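Peer 1: Below: one structure in structure tokens.
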């Protein structure tokens, strides 16, 4: 399945009907990465995108592992869909930050992020552990880790919708919140199914 096809199939799940006139929901012919942000922004907008960039890179690493190691076909499909969406979102995020003349990553000093919940909480050791956990334990280990990871994205999105000023970034944060809540619901069903 091509990346465009995966994105077009995932759009209803990940983005719902959240598009606005300023930030339309992507279709099979428009990737998220093609959405442009306005030039007016504040520090919260920048920090949200920088933190989410870091978060997306972690998500891509975890979902790449799940796409090859998961035993549940539904989990593999979910991981591949999330990976396609987040790769496209990451391109958009980095494009916006570059357009604004800002670094595409957040400063890793933990003390700088205390006021907005800190950097994403998933650590490199936890992500690496997904590559070595036994095959029979992988699905549960991944779901537990990725549930917490996506919940962190929901918290970051809330911070942006509360304190951000760029309307495209706020609309994107709303889509992030809604799509990750949908993913959390799907993962909980997989855990309980």
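Peer 1: Once you place label points 7 Å from the Cα toward the Cβ at residue 165 and residue 57, how far apart are they in nm?
Peer 2: 2.8
Peer 1: Here's another thing I want to ask about it. If r is the Cβ-Cβ distance from residue 134 to residue 72 and R0 is 22 Å, what FRET efficiency results, to the nearest 0.05? Could the numbers behind the result be given before it?
Peer 2: Numbers: r = 15 Å, r/R0 = 0.68.
About 0.90, to the nearest 0.05.
Peer 1: In terms of the ratio Rg/(2.2 N^0.38 Å) built on C-alpha atoms, what value belongs to region 35-193? Could you put the intermediate results ahead of the total?
Peer 2: Numbers: Rg = 15.7 Å, N = 159, 2.2 N^0.38 = 15.1 Å.
The reported ratio for this selection is 1.04.
Peer 1: Please find the FRET efficiency linking residue 151 to residue 99, where r is the Cβ-Cβ separation and R0 is fixed at 30 Å, and quote it to the nearest 0.05. Numbers along the way, then the final one.
Peer 2: Values: r = 29 Å, r/R0 = 0.97.
It comes out at approximately 0.55.
Peer 1: I would also like to ask the following. Taking neighbour counts of Cβ atoms within 10 Å as a proxy for exposure, in what order, fewest first, do 46, 176 appear?
Peer 2: Numbers: 46 20, 176 27.
Fewest-to-most Cβ neighbours within 10 Å comes out as 46, 176.
Peer 1: Now a separate question. Treating only the Cα positions of region 118-157 as identical point scatterers, give the base-10 log of I(q)/I(0) from the Debye formula at each q in 0.22 Å⁻¹.
Peer 2: Evaluating at q = 0.22 Å⁻¹ gives log10 I(q)/I(0) of -0.69.
Peer 1: Another question about this same structure. Tell me, 65, 105 in order of fewest to most beta-carbon neighbours within 10 Å?
Peer 2: Values: 65 19, 105 13.
Arranged by neighbour count, lowest to highest, 65, 105 become 105, 65.
Peer 1: Dividing the convex hull volume of the Cα atoms of region 124-186 by its residue count, what figure in Å³ per residue is obtained? It would help to have the intermediate numbers written out before the result.
Peer 2: Numbers: hull volume 5.3 nm³, N = 63.
Cα-based convex hull of region 124-186, divided per residue, equals 84 Å³.
Peer 1: Would you mind computing, in nm to one decimal, how far apart the modelled labels at residue 189 and residue 126 are, each placed 7 Å from Cα along Cα→Cβ?
Peer 2: 2.5
Peer 1: Also, I was wondering about something else. Using Cβ counts within 10 Å as a stand-in for footprinting exposure, how do 145, 78, 49 rank, fewest first? Don't skip to the end; give the middle numbers.
Peer 2: Numbers: 145 20, 78 23, 49 29.
The most exposed by this proxy come first: 145, 78, 49.
Peer 1: Here's another thing I want to ask about it. Under the rule a/c < 1.5 gives rounded, and otherwise a/b versus b/c splits prolate from oblate, where does region 28-91 land using the Cα gyration tensor? Could the numbers behind the result be given before it?
Peer 2: Details: a/c = 4.21, a/b = 1.89, b/c = 2.22.
Oblate.
Laboratory data are not the source of any read-out in this text; all were calculated from the coordinates shown. Bear in mind that the values here come from a model prediction, so they are computed numbers and not experimental data. Because the Cβ atoms are built from the backbone with ideal geometry, glycine has one as well, and the counts that use them run over all protein chains shown.
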